[in-house]
1. Criterion first (at pLDDT below 70 and either over 30 Å from residue 162 (Cβ atoms) or among the basic types (Lys, Arg) (or both)) does residue 40 satisfy it?
2. Which of (1) within 27 Å of residue 589 (Cα to Cα); (2) not in a strand (DSSP E or B) does residue 346 not meet, given it meets every other one?
3. Quick check, is residue 537 surrounded by fewer than 18 Cβ atoms within 10 Å (Cβ to Cβ), closer than 30 Å to residue 447 by Cα and without any contact (Cβ under 8 Å) to a residue 40 or more places away in the chain?
4. Only one of (1) under 28 Å from residue 317 (Cα atoms); (2) open to solvent by 20 Å² or more (accessible area, probe 1.4 Å); (3) assigned to a helix (DSSP H, G or I) fails for residue 260. Which number is that?
5. Collect the residues in the range 414-466 that are modelled with pLDDT of 95 or more and of a type in the set (Gly, Ala, Ser), keeping them in residue-number order.
6. Only residues in the range 647-659 that are in a loop (DSSP other than H, G, I, E, B) and modelled with pLDDT under 80 count as the first member; pair them with residues that are of a type in the set (A, V, I, L, M, F, W, C) and surrounded by fewer than 18 Cβ atoms within 10 Å (Cβ to Cβ), Cβ under 7 angstrom, at least 6 apart or cross-chain, and list the lot.
7. If a residue has to be farther than 19 Å from residue 627 by Cβ and either out of contact with any helix residue (DSSP H, G or I) (no Cβ under 6 Å at 6 or more places or on another chain) or not hydrophobic (A, V, I, L, M, F, W, C) (or both) to count, how many in the range 454-473 make the cut?
8. Restricting the range 636-646 to residues that are outside any loop (DSSP other than H, G, I, E, B) and touching a residue at least 60 places away in the same chain (Cβ under 8 Å), which is surrounded by the most Cβ atoms within 10 Å (Cβ to Cβ)?
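The values are calculated or read from the model by the stated rules, or taken from the named source; none is laboratory data. Note that this is a predicted model, so its numbers are computed, not measured. Cβ: placed from backbone, ideal geometry, glycine included. Neighbour counts: every protein chain shown. Each accessible area value is taken on the protein alone, full model and side chains, heavy atoms only, with ligands, DNA and RNA left out. Shrake-Rupley method; radii C 1.70, N 1.55, O 1.52, S 1.80 Å.
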Amino acid sequence: MVNEKKSTLNFQKDEYLLSDPILLQEMRLAREIKIPGSEAILVPKYAPITKKLLQQLHKIGIARIFAEPIYEKSLVASVEHVETMFHAIDQIIGFCLDDLVGIVHYRHDQKELERLVRNNLNDIQDLFTSDPTEKLLPLIHYHSPTARHSIITGFHMMALGKELGWSDSKIIRAAIAVFNHDIGKSRIKLETLDWPGRLDNKKWKEIQFHTLFGGLLLYRRGKRPDLSMLAALLHHEWFVNIEGKGYGGLTLFADYLQKTLHLDIRKIVADLNPNDLEILQATSLVDMVSALEERRSYKRELDAFKVLIIMNSDAQLGHFNPRHYVAWHTIYQRQNPNLLPLGRRMALPREKEQRLFRPLSPQIVEPIPLLTFYEMEKLGFMTALKNSGIDIERIRRRGGLSLKVVEQIRLEKGLNFDCTPEALEKAGITLRKDRIIPEEEFIELEAWREWLTWEDLERLELTYQLTVLQFDVRLIRQEGGIRPSRLIKRGIRISNQKLKRLAIDPLKKWTVRLPASENRLTPEDLSKLEVNEEQLKQAGCLERVTKVKSGVPMEWLEERGLSFSAAQLAKCAIDPIRKIFYDLLVTEEIHSTRAKFMILREGDDPKALELANQHHELEPIQELLFNRVGEVVMDFTDLVAIPDLSHLKMGDHWGKTSC
């Protein structure tokens with residue numbers, strides 16, 4: 001009957017009359033519908049055809065539309081494209097980077113995968129129900145970085161699923177679900193999504209709401225929550241139930257969903273089949289690794305080495321399903337076999353730092369109401385101060401804070417503790433103090449260095465040559481030895497065979513001690529001090545000041561004619577004591593997790609240091625790092641190897657005891 005109509009009325013392929021009953025049988029638009037007499041789109045392509053839509057089109061005089069079955073065509077097209085993408089993923093995951101040709105090939109595969117995503121996104125979206133599709137498209141226009149993140153997360157899910165041995169149908173379901181996991185961010189203010197620094201409590205709470213908003217956007221009233229809705233709700237839940245960790249439909253918003261929508265998300269999740277539960281738990285892992293690798297308004301892209309460190313740390317705490325994490329870790333190490341290549345520069349991982357303090361000489365001050373670091377710690381103030389973003393280490397370096405400042409911080413940050421004189425006296429605190437004891441902070445690193453002790457030198461019969469070449473023998477004895485590189489520079493040959501015969505290993509364990517803070521001024525400080533760009537340019541400071549946001553040393557500025565008195569700093573409320581951030585530069589590859597490094601301050605350039613050293617113009621810390629510390633060997637196996645996760649058990653918030 002329909003075919004006869006089409007041939008009689010000269011219909012084109014997939015063209016139907018609005019009165020054709022087949023249009024209400026799971027059909028969608030094959031072409032967009034434009035407003036009559038205009039190029040403006042009235043109804044977009046792929047919109048589902050409903051009775052209400054047909055009535056509205058009939059009212060404005062449209063008689064024919066192009067339509068196609070929703071599931072049949074979309075499934076055939078999408079499965080073909082997804083299979084092509086699987087092949088591209090296989091190449092990327094399984095490829096071993098043996099040589100330069102391999103690296104070029106690997107990059108080509110990545111570009112091919114990105115091209116496939118772009119070209120076939122519409123076909124992949126066909127697998128969505130109409131509601132999620134309509135929500136994802138506005139997200140692309142509202143905040144394209146989030147939309148891109150959603151797509152990349154889907155491909156991480158595909159890779160993980162293949163490593164875990166999931167069926168193709170399960171992988172497709174998982175990828176489709178995760179494509180929509182961040183839809184809720186279309187309801188978060190752009191100011192918050194693009195905030196350039198650390199979020200305050202208010203903005204952080206706003207961000208947390210994107211899981212709830214996503215679930216609500218994907219919820220179809222009267223129908224059981226599908227996998228996409230649950231992925232949006234639960235992708236920030238942790239595998240282990242830890243108070244304060246994870247947020248979403250199982251924890252933060254569980255009561256709200258029960259009261260407003262009568263949805264018991266915990267029961268719904270508990271009743272899921274094992275495949276769907278596994279997909280939902282995998283969303284937190286693929287979401288996090290995607291976010292770490294991407295550039296965000298508040299951070300740059302993180303390299304594979306740093307990604308592994310952070311992911312390992314979270315895995316040990318219980319963020320991810322252990323079986324998923326082992327599979328992902330295997331993929332990631334296969335993708336990144338060379339974590340520490342020659343010339344690589346990276347921030348010193350905090351996990352390797354041990355920050356220590358030692359008291360300095362007491363300072364006599366005018367008697368004032370003051371709380372020491374230890375008094376505030378005893379009173380329980382420190383947790384609240386730290387959570388509100390206060391640098392508590394600075395308080396310790398200064399020896400404490402005046403009561404006036406503590407009260408000011410409490411009011412500004414809305415902190416809930418009692419620091420009235422009456423409460424403090426009741427706690428046994430003597431308020432008025434006429435001296436403070438500041439503390440010096442330093443960093444200790446466990447490393448190795450090439451080092452010959454005085455005993456080694458004697459066994460190698462080199463002590464006479466040291467005297468002849470006018471080495472400071474007394475200093476060598478005092479320091480406990482000397483670096484072999486200093487001997488080689490002065491022409492003293494060291495035979496490896498002799499070292500081996502005498503069982504002397506030049507590589508010795510060493511604790512590196514570095515200063516943790518120094519007097520620095522940031523660009524904001526200099527602006528407060530009314531130093532403009534022209535002055536910085538004339539002093540030859542502009543490039544470094546704008547490049548190093550953590551500040552430049554005051555001593556370096558003074559050498560270039562920009563000096564500031566303590567009174568000037570105090571007038572502008574500037575405390576110049578700031579943390580030093582250190583970088584590591586790979587100077588020799590040893591293997592994937594061990595290398596020889598030069599330690600640099602953030603912002604210091606190795607070539608400039610070499611030149612300054614030749615002219616004896618190094619700053620004290622540079623002198624320490626360049627000549628006293630020199631190159632060190634560090635090993636990061638403990639931070640990047642697959643951790644022991646056998647202690648982790650799935651939290652009861654998932655409603656099941658095993659997965």
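1. On the way: at pLDDT below 70: yes; either over 30 Å from residue 162 (Cβ atoms) or among the basic types (Lys, Arg) (or both): yes.
When the stated conditions are applied, residue 40 passes them.
2. (2)
3. no
4. Only one criterion in (1) under 28 Å from residue 317 (Cα atoms); (2) open to solvent by 20 Å² or more (accessible area, probe 1.4 Å); (3) assigned to a helix (DSSP H, G or I) is unmet by residue 260, namely (1).
5. 447
6. 656/270
7. 12
8. Step one: filter the range 636-646 for residues outside any loop (DSSP other than H, G, I, E, B), giving 637-640.
Those still in the list that are touching a residue at least 60 places away in the same chain (Cβ under 8 Å) too: 639-640.
Numbers: 639: 18, 640: 24.
Restricting to residues being outside any loop (DSSP other than H, G, I, E, B) and touching a residue at least 60 places away in the same chain (Cβ under 8 Å), the top hit is 640.
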